[in-house]
Amino acid sequence: MTDNDRSGEDIYGDAHKEANEPIFSGIPSFLKLPEVSRDELADEDVDVGILGAPLDTATTIRPGTRYGPRAIRAASTVPSPPYEHFNIETGVDPFDHFSVADTGDATVSPGDTRQSQLNIEDAVAEISEQATPIVLGGDHSISYPDIKGWAEANGYEDIGLIHFDCHADTGDDGLTGFEYDHGAWVKRVYDEGIMAGENYTLIGPRGFWPGPDTYRDMRDAGMKWYTADDVAAMDLSEIVADAVRRATDGTDAVWISFDVDVMEPAYAPGTGEPEPGGLIPREAISMVRECVKELDPEAFGFDVVEVSPAYDASDTNSYNGGITSGLANRLIIEVLGSMALAAQGEESGEPITPKEPLGLPPETETPADD
């Protein structure tokens, strides 16, 4: 056998996941996972369904998130997944526990934002009848139809919401008077009556929007937030514990929505509303990972939104994604890993560790002089 004849299994051993083709070939489904139509999820026994929601006509500043799902999928084809799924930090391979499939994109109608949102709602509901939905945005207006479709399909009457974002998105009329734009979706969920303010936590807001009157309304409704300065100053585990406590207090299920503009723009430039002073990747990954570990994976949903690849760094053609779409991809993989731990009732997996304990070895006693 020559080197050119070696298969992925020869190279990767038991960790190989049948991804023999190079990353630049093949159909770029999410993680090069199987593509399953939404009406076939039950027949294929799928546990988690990935959905693209390529809508950006409800954004108010820089457009381009319609290409977000494509860029996130492209980023997901770069190793380690789909070539190796084992997370060296957590010691978890989520695909040992879950069947995950890419269900394609919801239908969007350019020029008809509300119809597009209703189509997204229907697509999420269809997935939610059989599997846990994970949605790739798209601007943040998609979270309202995401949550509405998910809740109605499962009969959830009271949901908790953990929201990572630079902005509160609780404007009664959005940013420009359109009540379904990307700055109003939290208010729409709240007005549906399926989320109490006490079950909502926002992590990472900063800057200048929305104004003080909106934050006073949020306070009066029982909502809570941790600013980006709070994240930098506090123990992350304390923030996570409080957000999970609030989201699960008397609720049927929990949704986590992650807007990439919560990040420091140096780490996530590919978005429509960058704002200096945000989270760094390790903070975001750690908090998402720890939140999901504490939740019921069968009463859960997740979306990642506002990836706009035209503004991203390192790759503006979406062939292999950029650093922002790469972050979004990593967050989804971490979500899957934490769902696997939660399903097993475990706090951690089985990472491979060095023989010698970490840190400097104990000092040896210096022999006394004769």
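Computed from the coordinates by the stated procedures, all read-outs in this text should not be read as laboratory data. If you're wondering where the values come from, they're calculated on a predicted model, not measured in any experiment. Note: ideal-geometry Cβ built from the backbone for every residue, glycine included; neighbour counts use all protein chains shown.
Throw me the Rg/Rh for segment 48-150, computed over C-alpha atoms with Kirkwood Rh, two decimals.
Details: Rg = 14.9 Å, Rh = 14.5 Å.
Rg/Rh: 1.03.
What Kirkwood Rh does the chain have if only Cα atoms enter the pairwise 1/r average? Answer in Å.
It works out to 21.1 Å.
Cα gyration tensor of segment 120-253, axes a ≥ b ≥ c as square roots of the eigenvalues: rounded (a/c below 1.5), prolate (a/b > b/c) or oblate?
On the way: a/c = 1.70, a/b = 1.26, b/c = 1.34.
Oblate, because a/c is 1.5 or more while a/b does not exceed b/c.
So what is the relative contact order for the chain, in percent, with contacts set as C-alpha pairs under 8 Å and at least six apart?
Once divided by the residue count of the chain, the mean separation gives 20 percent.
Name the residue, out of E306, E35, E350, whose mean-square fluctuation peaks in a Gaussian network model built on the chain with Cα pairs under 10 Å.
With Cα springs under 10 Å in the chain, the top fluctuation among E306, E35, E350 is at E350.
Return the aspartates and glutamates within reach of K293: Cα separation strictly under 12 angstrom, same-chain partners fewer than 8 residues apart disregarded; answer none if there are no such residues.
Candidates past the 8-residue exclusion: E334, E346, E347.
Using DSSP to define loop residues, name the chymotrypsin sites (Phe, Trp or Tyr not before Pro) in segment 191-296 whose beta-carbon has at most 16 other beta-carbon atoms within 10 Å. Walk me through the numbers on the way to the answer.
Numbers: sites: Y200, F208, Y215, W225, Y226, W255, F258, Y267; in loops: F208, Y267.
For chymotrypsin sites (Phe, Trp or Tyr not before Pro) across segment 191-296 that sit outside H, G, I, E and B with at most 16 neighbouring Cβ atoms in 10 Å, the list reads F208.
Determine, from the Cβ-Cβ distance of I27 and D213 and an R0 of 51 Å, the FRET efficiency 1/(1 + (r/R0)^6), rounded to the nearest 0.05.
After rounding to 0.05, the efficiency reads 0.55.
Counting residues in segment 263-340 as N, plug N into 2.2 N^0.38 Å and put the Cα Rg over that result.
Output field value: 1.15.
When the Karplus curve 6.51 cos²θ - 1.76 cosθ + 1.60 is applied with θ = phi - 60°, which whole-Hz ³J(HN,Hα) does each residue of segment 275-289 get, with x for Gly and Pro?
Calculated HN-Hα couplings, in order: 9, x, x, x, 6, 9, x, 5, 4, 5, 4, 4, 5, 4, 4 Hz.
Tell me, what HN-Hα J-couplings in whole Hz come from the Karplus equation 6.51 cos²θ - 1.76 cosθ + 1.60 at θ = phi - 60° for each residue of segment 23-36, using x for Gly and Pro?
In residue order, the calculated couplings are 5, 8, 10, x, 7, x, 5, 4, 6, 6, 6, x, 8, 10 Hz.
Evaluate E = 1/(1 + (r/R0)^6) for D39 and E346, where r is the Cβ-Cβ distance and R0 equals 30 Å; express this FRET efficiency to the nearest 0.05.
Numbers: r = 34 Å, r/R0 = 1.13.
With a Förster radius of 30 Å, E is 0.35.
Taking only C-alpha pairs under 8 Å that are 6+ residues apart, what is the relative contact order of segment 141-224 in percent?
34
Taking a spot 7 Å from the Cα of D122 along the direction of its beta carbon, which residues of segment 85-109 have an amide N less than 18 Å from it?
103-109
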